[in-house]
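*Asks:* Starting off with a structure, shown below.
The values are calculated or read from the model by the stated rules, or taken from the named source; none is laboratory data. On a predicted model such as this, the values are computed, not experimentally measured, just so you know. Here the Cβ positions follow ideal geometry from the backbone for every residue, glycine too, while neighbour counts run over all protein chains shown. The accessibility values were calculated without ligands, DNA or RNA, using every heavy atom of the protein model including side chains. Shrake-Rupley method; radii C 1.70, N 1.55, O 1.52, S 1.80 Å.
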Amino acid sequence: MELWPGAWTLLLLLFVLLLFLLPTLWFCSPSAKYFLKMAFYNGWILFLAVLAIPACAVRGRNVENMKILRLMLLHIKYLYGIRVEVRGAHHFPPSQPYVVVSNHQSSLDLLGMMEVLPGRCVPIAKRELLWAGSAGLACWLAGVIFIDRKRTGDAISVMSEVAQTLLTQDVRVWVFPEGTRNHNGSMLPFKRGAFHLAVQAQVPIVPIVMSSYQDFYCKKERRFTSGRCQVRVLPPVPTEGLTPDDVPALADRVRHSMLTVFREISTDGRGGGDYLKKPGGVGEARL
C-alpha cells in the first residue's frame, strides 16, 4: 500500500523534529541524556549480538565463543569515556577450573567483566536473559549458563551439572553472588550457590571487586558521565577439604574481604569517593 503525499510530508516533519529535539535534550536535560545513553548502550549491545551470532554459530554452543563476544564488546568503554583499570590479574590460577565471584552494581558491570574475563570463563545468568532477543541467543551460543531462580530444584540440578563441567571440560564460571543489581554503593548479602558450587567441585574461588560507579553513574539521579572504574582481582580462596557445612563461613569471609577492598578502591579517587561520604554510602552500610 502506497502512502498518500501528505503522509510523506508528515514523516519528513517528524524526522526533522527528531533531529532537532534529540540534540536539544542531550545538551539541556541531564535526565534525557541519561536515558539516551542507556538506550544506546542496550541497543548497541543488541546490534553487536546480531553481528556476533553468525560467527558464533560456526562452532555451535561453545565456551570459546565468549572470546568473540568479548572482542566485540571491549570498545564500548571508549564510546562512554569510561576508563577501566585492572589490578591483580596475576591472581588468576593459570591452568585449573575455578569460580569467580564479583559484586553486581548495574548493567555496566559488563564493561569490567569483558576487560578482565579469563579464558574459558562463562557467566551464570538468570534465565530471563535467554529471551532477550539477539543478546540471549549470542549468550547461549557462548555457553552462558542459565538458571531459573524461581525454581530452586532446577537451579540446584544445574549447579550440580556445572560442578561436573568445571572438572571435565576445564571451564571457569563467573557468578554475581548478590543475586541482583545493587545501586546503593555497598554489597548485598551473598547467596551461597557459588560457594556450594566451588566446594562441591573442590575448586578455588577468585573474588573480583569493581569499584563504585557513583562518580560517573547513578540510576537514581539519572546521571551518566565519563569516569574511571577500578577492577581488582583478589588472591584465590582454596576450598580443598571444605564441606557444605563450611559454606556459610566461607561466603561471609569472602564477602568481608571483598567489601573491604570495595571501600578501599571506591575512596581512593578512582570511583565513588564523594558518594561514600554521604549518609547511606558504603561507610554507613550495615553488615
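*Asks:* Could you go through the range 222-230 and let me know if any residue there is farther than 18 Å from SER95 by Cα, in contact (Cβ under 8 Å) with a residue 24 or more places away in the chain, outside any strand (DSSP E or B) and open to solvent by less than 10 Å² (accessible area, probe 1.4 Å). Steps first, please.
*Replies:* First, the residues of the range 222-230 that are farther than 18 Å from SER95 by Cα: 222-230.
From what's left, in contact (Cβ under 8 Å) with a residue 24 or more places away in the chain: 222-230.
Narrowing further to those that are outside any strand (DSSP E or B): 222, 225-226.
Within this subset, residues satisfying the condition of being open to solvent by less than 10 Å² (accessible area, probe 1.4 Å) are none.
No, the range 222-230 contains no residue that is farther than 18 Å from SER95 by Cα, in contact (Cβ under 8 Å) with a residue 24 or more places away in the chain, outside any strand (DSSP E or B) and open to solvent by less than 10 Å² (accessible area, probe 1.4 Å).
Matching residues to (1) surrounded by fewer than 21 Cβ atoms within 10 Å (Cβ to Cβ); (2) out of contact with any Leu (no Cβ under 9 Å at 6 or more places or on another chain); (3) closer than 28 Å to PHE224 by Cα:
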position	(1), (2), (3)
GLY81	yes, yes, yes
PRO97	no, no, no
GLY112	no, yes, yes
CYS121	no, yes, no
ILE124	no, no, yes
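*Asks:* If GLY88 passes every condition in (1) at negative phi; (2) touching a strand residue (DSSP E or B) at 6+ places or on another chain (Cβ under 6 Å); (3) modelled with pLDDT of 95 or more but one, which one does it miss?
*Replies:* (1)
*Asks:* Tally the residues that are modelled with pLDDT of 80 or more and in contact with a helix residue (DSSP H, G or I) (Cβ under 6 Å, 6 or more places away or on another chain), restricting the search to the range 147-161.
*Replies:* Here is the first cut: in the range 147-161, the ones modelled with pLDDT of 80 or more are 147, 161.
Still in the list and also in contact with a helix residue (DSSP H, G or I) (Cβ under 6 Å, 6 or more places away or on another chain): 147.
Going through the range 147-161 one residue at a time, the tally reaches 1.
*Asks:* Let me ask you something else. Looking at this structure, is LEU167 open to solvent by 10 Å² or more (accessible area, probe 1.4 Å), over 14 Å from VAL99 (Cβ atoms) and among the aliphatic types (A, V, I, L, M)?
*Replies:* The answer is no for LEU167.
*Asks:* Of the residues GLN214, GLN202, which is over 16 Å from ASN182 (Cα atoms) and either open to solvent by 10 Å² or more (accessible area, probe 1.4 Å) or not acidic (Asp, Glu) (or both)?
*Replies:* The match here is GLN202.
*Asks:* Something else now. Of all residues in the range 188-206, how many are within 18 Å of the chain's Cα centre (by Cα) and either assigned to a helix (DSSP H, G or I) or over 19 Å from ALA125 (Cβ atoms) (or both)?
*Replies:* Adding up the residues that qualify gives 3.
*Asks:* Let me ask something else about it. Any residue at all in the range 161-174 that's of a type in the set (Val, Ile, Thr) and in contact with a Ser or Thr (Cβ under 8 Å, 6 or more places away or on another chain)?
*Replies:* Within the range 161-174, one or more residues are of a type in the set (Val, Ile, Thr) and in contact with a Ser or Thr (Cβ under 8 Å, 6 or more places away or on another chain).
*Asks:* Is it the case that some residue within the range 22-39 is in a loop (DSSP other than H, G, I, E, B), among the polar types (S, T, N, Q) and open to solvent by 30 Å² or more (accessible area, probe 1.4 Å)?
*Replies:* Yes: the range 22-39 contains one or more residues that are in a loop (DSSP other than H, G, I, E, B), among the polar types (S, T, N, Q) and open to solvent by 30 Å² or more (accessible area, probe 1.4 Å).
*Asks:* For the condition at pLDDT 90 or above and either open to solvent by less than 90 Å² (accessible area, probe 1.4 Å) or not hydrophobic (A, V, I, L, M, F, W, C) (or both), what is the one hit in ALA7, ALA55? Before the answer, list the steps.
*Replies:* Values: ALA7 fails: at pLDDT 90 or above.
The match here is ALA55.
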